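Structure first, then comments.
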Amino acid sequence: MFVSLKAIISTTIATLAVIGVVSGQNITIVSPQSGQVIRAGDVLTVELAQQSTTSSVQSIAFSTGFSSRPTDTISLGRPLGGTQFLTARGNITFQINVPKASEFIDGISNVPYEFKVAHYYFLGATSTPTIDIASVPVSVQQ
């Protein structure tokens with residue numbers, strides 16, 4: 001039963017991610033930039049660029065996280081926080097508190113990290129819930 005539920009959830013998330021790509025909605029991480037050094041305990045300014053080929057997209061929220069597994073395309077890794085109920089188009093800027101080194105459950109290691117953003121939005125006349133995930137490689141240091 002557990003394996004079946006896990007497979008269903010993974011398939012659903014993957015399907016929603018594909019819908020986001022097919023729909024013409026795209027989220028790009030402007031900041032932090034690729035390769036940027038992020039220090040544990042700092043405040044990080046996040047800038048996202050929304051690009052849409054359709055006017056029937058209503059943004060709901062963004063979630064952010066750090067992942068030390070770049071091959072994981074359906075997870076945020078360690079969630080950090082996010083925004084809620086955003087409807088603006090174009091670039092969106094917000095700040096998050098990067099956890100202190102002692103608050104990283106796995107500790108901070110020298111492995112490459114991916115800073116990830118999940119974009120939740122409604123698509124089309126039927127307001128289909130959809131998710132897009134974008135990532136950028138970063139370095140996290142104490």
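The table for this structure:
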{"read-out": "Residue order, fewest to most surrounding Cβ atoms within 10 angstrom, among Ile38, Ile92", "value": "Ile38, Ile92"}
{"read-out": "Phi-based couplings in Hz for the stretch 97-102 (Karplus 6.51, -1.76, 1.60; Gly and Pro marked x)", "value": "8, 6, x, 5, 4, 5"}
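FYI, it's all coordinate maths here, none of it is from the lab. All values reported here derive from a predicted model rather than from experimental measurement. Positions of Cβ are generated from backbone atoms using ideal geometry, with glycine treated the same way; all protein chains shown enter the neighbour counts.
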